[in-house]
Amino acid sequence: MSSYQRKQSPGNTDWFVNDRFGMFIHFGLYSLAARHEWVMSKEAVPEEKYKRYTKYFDPDMFNADEWAQYAENAGMKYAVLTTRHHEGFALFDTKYSDYKITNTPFGRDLVKEYCDAFRAHGLKVGFYYSLLDWQHPDYTIDRFHPRRFDADAVEQNEKRDMHKYAEYMRNQLRELMTNYGKIDILWLDFSVKGDENSDNPVKRKGKGPEDWEAEKLLALVRELQPGIIINHRTGIEQDFSTPEQYQPDAWPRDEKTGELLTWETCQTFSGSWGYYRDEQTWKTPQMLIEMLIKTVSLGGNLIMNVGPCARGYIDKRATDMLDAYGKWMKYNSRSIYGCTMAEPEFVAPFGTLLTQSNDGKRLYIHLVSYPFKSLKFTGLAGKVEYAQFLHDASEILFTEDAHGATDHLTMSQGVGDLVFDIPVVRPDVTVPVIEVFLK
Ligand code: GLC
């Protein structure tokens, strides 16, 4: 059994840490702008102008089953969809606002279709819901708000009432938690840090749990969906933390108690979350697969994002990346699902990443840089029963000498070293994996 104990949390994260790999989906009116999901803030577009996108929102090629099929093929086990992003536009049929998908030419409740399709593919279903809302009349103007440059922003804020806004969020979340069956994950986003150095009061004031009335909000969600897990971004710790677009180099811990946190890193293929036509910063399949392995090697989950284009399909640049995941996962997912950080007694040889099955019985050595002929693993002698490549179950021979003798045919060995015999011809696998059956 793995010796790593994670910090207890209100929800049950057992399935989550077993599944390890999910799909994030960012879709909204910003998909039409195709130049970042923050376009409304970045370009300071006032709400009446931004709302013109509703007239043109018609993802005629949207097919929830196709999205789900891509996720399944990539080896993803759960998904999280932006039911509403910072722009405030709902992809579901809400009673509490007219700013919603059913009032566009598309006219259908996309959230409903997403839930049905992803469940049918055996995937767990999650909702992202933005705490920010740049068009709601009661949401106060802050440093990110499109109206932050208005000369009368301070006066406008006096008329805005965050209590009403918090109630509005509870109303929408009640709908989301009631009308769509069992929801496995809720991803709330995010508490705004104020700009302390600014002398502009609008920019100085941040927003946190009190503004969202987060305690009430969380209690409501837990009451309606007792099995759900929730992220930390209201500012009140819940079930998992979410390092964004960076790769931690150690298992994240609770700052006060030092306990290991349940964590999920969220990453993109190209930098932005929403569809961005002109973005050129696409990652390579090698980087993406390494990201997944590295995350699990530190006891975490990876949620990888797709931003479908405004016609509703996932474009080729993204499906190529999903295919790369799928191709690797088809043969190597055993080193990901049900795996975690290897026990401290196993120290990864240079150029490798390790994971270990939760029952402790198998160790996975990911050959990130492919070694020539042999791979020495210090301290592994005497612990291995059998070894094979994971992708084709071909035996990997090894020599070991727990007594410190030298094997002239391979390389010098110290006490406890084990040396794997690696074929010179690199298998055609993005990252080859050695599966080690431990004694
Ligand atoms: C953020 C961004 C956002 C994205 C999210 C995903 O904080 O505001 O656009 O949806 O992170 O992690």
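Does Ile336 meet the test of being touching a Lys or Arg at 6+ places or on another chain (Cβ under 6 Å) and in contact (Cβ under 8 Å) with a residue 40 or more places away in the chain?
For Ile336, the condition - touching a Lys or Arg at 6+ places or on another chain (Cβ under 6 Å) and in contact (Cβ under 8 Å) with a residue 40 or more places away in the chain - is met.
Name the pairs: first residue in the range 242-254 and among the β-branched types (Val, Ile, Thr), second residue within 15 Å of the ligand (Cβ to nearest atom), Cβ to Cβ under 7 Å, at least 6 apart or on different chains?
Thr242/Asn231; Thr242/His232; Thr242/Arg233; Thr242/Glu264; Thr242/Cys266
With the checklist (1) within 19 Å of the chain's Cα centre (by Cα); (2) within 16 Å of the ligand (Cβ to nearest atom) in hand, flag the one item Asp14 doesn't pass.
(2)
Considering only the range 124-143, I want to know if a residue exists there that is open to solvent by 60 Å² or more (accessible area, probe 1.4 Å) and among the polar types (S, T, N, Q).
No, because not a single residue in the range 124-143 is open to solvent by 60 Å² or more (accessible area, probe 1.4 Å) and among the polar types (S, T, N, Q).
Quickly run through the range 233-288 and pick out the residues that are more than 30 Å from Pro59 (Cβ to Cβ), hydrophobic (A, V, I, L, M, F, W, C) and part of a loop (DSSP other than H, G, I, E, B).
Ile236, Ala250, Trp251, Leu261
Please give the number of the condition Thr242 fails out of (1) within 14 Å of the ligand (Cβ to nearest atom); (2) touching a Pro at 6+ places or on another chain (Cβ under 9 Å).
(2)
Any residue in the range 289-302 that is in a loop (DSSP other than H, G, I, E, B) and within 16 Å of the ligand (Cβ to nearest atom)?
Within the range 289-302, one or more residues are in a loop (DSSP other than H, G, I, E, B) and within 16 Å of the ligand (Cβ to nearest atom).
What residue, among those in the range 327-341 that are among the small types (Gly, Ala, Ser) and open to solvent by 10 Å² or more (accessible area, probe 1.4 Å), is farthest from Gln5 (Cα to Cα)?
Here is the first cut: in the range 327-341, the residues among the small types (Gly, Ala, Ser) are 333, 335, 338.
Retained after the next criterion (residues that are open to solvent by 10 Å² or more (accessible area, probe 1.4 Å)): 333, 338.
Working: Ser333: 23, Gly338: 15 Å.
That would be Ser333.
Could you identify the single residue in Thr102, Thr178 that is open to solvent by 20 Å² or more (accessible area, probe 1.4 Å), away from the ligand (no atom under 16 Å from the Cβ), under 23 Å from Tyr78 (Cα atoms) and of a type in the set (Val, Ile, Thr)?
Answer to the check: Thr178.
If I filter the range 211-229 for residues that are open to solvent by less than 60 Å² (accessible area, probe 1.4 Å), within 19 Å of Asp138 (Cβ to Cβ) and touching a Leu at 6+ places or on another chain (Cβ under 6 Å), do I get at least one hit?
yes
The values are calculated or read from the model by the stated rules, or taken from the named source; none is laboratory data. On a predicted model such as this, the values are computed, not experimentally measured, just so you know. Positions of Cβ are generated from backbone atoms using ideal geometry, with glycine treated the same way; all protein chains shown enter the neighbour counts. Heads up: the accessible areas ignore ligands, DNA and RNA and are worked out on the full protein's heavy atoms, side chains in. Shrake-Rupley method; radii C 1.70, N 1.55, O 1.52, S 1.80 Å.
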